[in-house]
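Below: the structure, in structure tokens.
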Amino acid sequence: MEQLLLIQPEENLKFELENNQYVARIVLQNVSTIFVAFKVRLSNQNDYSVKPNIGVLRAGNNVTLQLTTGNTISINKDRVQILAGPISNNEDVIEYFKKQQRLNQRIIKCCTDEFSSLQSTVNKSTIFPQEINDFKVTTIKKEYVKPQKKQQQSKDILNLEEQIKKISEDLKVIKEKQNDGKITVGIKQFLISILISMIFGVYITYR
């Protein structure tokens, strides 16, 4: 079927706040050479007022439809359907849509200013493929460095444990010599102090 009506807007119908209600407008223009009947339906019919919601346009004429709603919750989910078809000059338009089966139709999405701004923000914050690849490379590098640091810490702890074990063995020998009277108490206390200092240092370093 040939195009009968030029419809503006074509895809998104924006509702704006006017006098405590949300209002939107659709312009229909008859671009054919015949009479065209039109009718407006909504997915949420009960929450909207449409003036006019049905009518006939002569060739070249246009009309502005005004849609009004007080329910802002569902606007961004609702849809407008515009039906159109050729009609004779003396035919009743209401009866025409009751019996007519073959009609042109256009679906338009409803939206608000807040929803449009949100969509714009989402589009601007989109991560592009190159940025995703850069993020993956950075993550891999960090994961590769961490095991080396952990391995070095483990090696240092083993070395310190060996030193502590060696000093403990020396203290055991010193204790035996002290019992034989071959070493003074002052030297023993000095070595014990060194051992305590080393243990405390290990605790502070790897806490």
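The values are calculated or read from the model by the stated rules, or taken from the named source; none is laboratory data. Everything numeric in this text was worked out from a predicted model, so none of it was measured. Here the Cβ is made from the backbone with ideal geometry for all residues, glycine too, and neighbour counts use every protein chain on show.
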inquiry  = So in the range 58-72, with the set limited to residues that are under 15 Å from ASP47 (Cβ atoms) and of a type in the set (Val, Ile, Thr), which one is surrounded by the most Cβ atoms within 10 Å (Cβ to Cβ)?
reply    = THR69
ask   = So is ILE108 closer than 16 Å to LEU6 by Cβ, modelled with pLDDT of 95 or more and in contact with an Asp or Glu (Cβ under 9 Å, 6 or more places away or on another chain) or not?
value = yes
query = Is there a residue in the range 60-71 that is part of a strand (DSSP E or B) and touching an Asp or Glu at 6+ places or on another chain (Cβ under 7 Å)?
reply = yes
Out of ARG25, ARG41, sole residue that is assigned to a strand (DSSP E or B), closer than 19 Å to VAL93 by Cα and charged (D, E, K, R) = ARG41
message = Looking only at residues that are charged (D, E, K, R) and more than 30 Å from the chain's Cα centre (by Cα) in the range 11-31, which one is modelled with the highest pLDDT?
response = ARG25
task = Go through the range 28-37 and give me each residue that's outside any strand (DSSP E or B) and surrounded by 14 or more Cβ atoms within 10 Å (Cβ to Cβ).
result = VAL31, SER32, ILE34, PHE35
request  = Within the range 1-22, work out how many residues are touching a residue at least 12 places away in the same chain (Cβ under 8 Å), surrounded by fewer than 15 Cβ atoms within 10 Å (Cβ to Cβ) and outside any strand (DSSP E or B).
outcome  = 7
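If you take the residues of the range 73-87 that are touching a residue at least 40 places away in the same chain (Cβ under 8 Å) and touching a helix residue (DSSP H, G or I) at 6+ places or on another chain (Cβ under 9 Å), which of them is surrounded by the fewest Cβ atoms within 10 Å (Cβ to Cβ)?
LEU83
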request  = Determine if the range 39-46 includes at least one residue that is in the same structural domain as GLN101 (by TED's automatic domain parsing), surrounded by 12 or more Cβ atoms within 10 Å (Cβ to Cβ), of a type in the set (Lys, Arg) and under 20 Å from LEU103 (Cβ atoms).
outcome  = yes
